[in-house]
1. Suppose a student asked you for the relative contact order of the chain, using Cα pairs under 8 Å spaced at least 6 residues apart; what percent would you report?
2. I want the local charge near residue 25. Using Cβ-Cβ distances under 14 Å, sum +1 for each Lys or Arg and -1 for each Asp or Glu among the other residues.
3. Given a cut-off of under 8 Å on Cα pairs at least six residues apart, what relative contact order in percent is computed for the stretch 178-313?
4. Residue 208 versus residue 302, label points 7 Å from Cα toward the beta carbon: distance in nm?
5. Would you mind counting up the charge near residue 130? Only other residues with Cβ under 14 Å from its Cβ, with Lys and Arg at +1 and Asp and Glu at -1.
6. What residues of the stretch 25-64 lie in the reach of a label at residue 1, counting those whose backbone N is under 15 Å from a point 7 Å from the Cα along Cα→Cβ?
7. Can you work out the Karplus-derived ³J(HN,Hα) for every residue in the stretch 287-293? Use 6.51 cos²θ - 1.76 cosθ + 1.60 with θ = phi - 60°, whole Hz, and x for glycine or proline.
8. Among the lysines, select those whose C-alpha is under 26 Å from the C-alpha of residue 214, and discard any that sit fewer than 8 residues away in the same chain.
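Each value in this text was obtained by applying a stated rule to the coordinates, not by laboratory testing. Please read these numbers as outputs of a predicted model, since none were measured by experiment. All Cβ positions, glycine included, derive from the backbone under ideal geometry; neighbour counts span all protein chains shown.
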Amino acid sequence: MIISRTPFRISFFGGGTDYPEWYLREGGAVLSTTFDKYFYINCRSLPPFFEHKYRIAYSKIENTKEIKDIEHPAIQAVLRRYNFNTGIELSCVSDLPARSGLGSSSALIVGLINALNALDGRVSSKNFLTNEAIGIEQNILKETVGSQDQTACAHGGFNKISFLNDGGITVSPIILKQDRKAELNDHLMLFFTGFSRFASDVAKSQVANIKRNKEELIRMLQMVDEAIAILNSDQDIRDFGKLLDYSWQTKRTLSDQITNSEVDKLYQNALKAGAIGGKLLGAGGGGFLLLFVQPENQQAVKRALKHLVHVPFTFETSGSQIIYFN
């Protein structure tokens, strides 16, 4: 039996510049971190005593004899990719809901690749997991997705991820004093809006507008280094929150599907209660709302958003791991 554990990610700045339609021409970068909420894949070889050959458990249970009959598109794609013809039982468990802007689809694929390779006796490097997951999502599933989620989930940590014109990806850890990193973590709050959406549907509208939004995307790319400069200096940490607000105001102009009246109302209520900035995570349209709030104002923000689920979190550095191997 193998269990893989893959973290979810929070993207602060640069989102939208990680689409290959953009970065293969202009280059891109994001500032992101993984945190202590995870996607778990439990898998084992299935003995040949059953009518089915594949047993897949997620929000539903599938028992099939052929890979092609598996309904879950990502799981089918990964099993096909590795020609996994021996019987297998998979169980997928997540700390947080799917389609919520935290990179859950990529976490599933990265974790599944990691687990299947371990089941076959192979160790997967972080770069291998990144490249394989990107290839499956973009080239096999034909999803309109960027390249940051797979990279962040595989590598883990607080990083600047750069996307190069030649298709290369570099992951540069952000070096911070421990108290500065803790200060940032203490100013962040995460709320679930209750709205779920398919990120690729929202992303299609963004990609379609890339040429029209060139000036905005260049500005969002510049904010990555501006945010790092704030963290690496003695500058007031609240400036990070103000930049986050500016980034959100810029991002919401990229497509009319990124936000809606309900999300805008939630964000304005948070600002009135003391939040300095924030953003919807992921492509937009729903999911999790990240807020930058001074500790003394966090109770007021909780009251203002009392009908939402607040999810406390801390940064993590492990990336996708095999946590059980027997």
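1. 27 percent
2. It works out to a net charge of -2.
3. Relative contact order here is 39 percent.
4. Result for the modelled spin labels: 4.2 nm.
5. It works out to a net charge of -2.
6. Correct set: 40-47, 57.
7. x, 9, 9, 9, 10, 9, 9
8. Leaving aside lysines fewer than 8 places away in the same chain, those within reach of residue 214 are 142, 160, 204, 242, 251, 279.
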